[in-house]
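First up is the structure itself, then whatever we jot down about it.
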Amino acid sequence: MSIEPSPLPYDRSALEPHLSADTVEAHHGRQQALIEQVNAAVAGTELAELPLQEIVRRAQGALFNHASQAWNDAFYWEGLRPSAGGGGGEPEGRLAEAINRTFGDFARFKAQFAGVAERLFGSGWLWLLQRGDGALAVAATANAASPLTGEDTPLLACCLWEHAYYLDYRHARGKYLEAFWNIVDWRAVDARMK
Ligand SMILES: [Fe+2]
């Protein structure tokens, strides 16, 4: 058994104008290449039968780097939805209540998300996480690191590698983050809550 490629949940141009088809295609192609590298590395080893998230939890070195990036990016894609198909807007229900309880309100949550992104030097991901006690938190992981190796439940990911935004926004990572809010699938985020 090998890890199956993970198809995009929407057409490559569906996130425009917030993310161009070129960006989505290149980013997704990179993710699929990572999966091929994972499959080549685990073939014939005790990890060969494991799902991707288990490989992330057990691997080290280059295999961890490839597996974790592939999983993080799949989680990123699955948390997005085209604006025309219901992406963006604001969270509702229990998710909105949890965000208000933790951050004060939705605007302050977004400001904290942007602040943590600004403080991340280099590449990584930005996360909305749910702690074991149910509270929410914003955190960044550097390079290939993933919350999968910790105790928190990831709810939303934003890839902050240059490959996620450079074609569209050059060095303006803040503009990419502003556009990101127009394509978040809040129902998918809600469904990940415990
Ligand atoms: Fe990425």
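The values are calculated or read from the model by the stated rules, or taken from the named source; none is laboratory data. For clarity, every value in this text was computed on a predicted model and none was experimentally measured. We place every Cβ from the backbone using ideal geometry, glycine too, and count neighbours over all the protein chains shown. To get the accessible areas, we keep the full protein, side chains included, count just its heavy atoms, and leave off ligands, DNA and RNA. Shrake-Rupley method; radii C 1.70, N 1.55, O 1.52, S 1.80 Å.
Accessible area per residue, 1.4 Å probe, Å², for segment 20-194: what's the number? Per-residue accessible area for segment 20-194 comes out at 47 Å². Where the accessible area of segment 1-96 is counted over protein heavy atoms with a 1.4 Å probe, how much of it, in %, is carbon and sulfur? With neighbouring chains kept in place, the figure for segment 1-96 is 49 percent.
On a 0 to 90° scale, report how tilted helix 61-78 is relative to the longest principal axis of the chain, with both axes built from alpha carbons and the result rounded to the nearest 10. Value to nearest ten degrees: 40. The distance separating the Cα centre of segment 22-77 from that of segment 143-181 comes to 17 Å.
Computed about its Cα centre, the charge dipole of the chain is approximately 480 debye, with only Lys, Arg, Asp and Glu carrying charge at their Cβ. Ranked by the mean number of other Cβ atoms within 10 Å of their residues, highest first, the peptides 94-101, 149-156 come out as 149-156, 94-101. The phi-based Karplus calculation (6.51 cos²θ - 1.76 cosθ + 1.60; θ = phi - 60°) puts the 3J(HN,Hα) values of segment 101-118 at 5, 7, 10, x, 7, 5, 5, 5, 4, 5, 5, 5, 4, 5, x, 5, 4, 4 Hz, whole numbers, x for Gly and Pro. Near E162, once Lys and Arg are set to +1 and Asp and Glu to -1 for all other residues with Cβ below 13 Å from its Cβ, the sum equals +2. Give me the log10 of I(q) over I(0) for the chain at q = 0.10, 0.14, 0.19 Å⁻¹, as the Debye formula computes it from C-alpha points; what are the numbers? Values, matching the q order: -0.40, -0.79, -1.42. Among residues other than R131 with Cβ under 12 Å from its Cβ, the summed charge is -2 (Lys and Arg +1, Asp and Glu -1). Remark: segment 119-179 is approximated by an ellipsoid whose semi-axes, taken from the C-alpha gyration tensor as √(5λ), come to 24, 12, 8 Å, largest first. Summary value for the chain: 26 percent relative contact order, contacts being C-alpha pairs under 8 angstrom separated by 6+ residues. Across segment 96-194, Cα pairs under 8 Å and at least six residues apart give a relative contact order of 24 percent.
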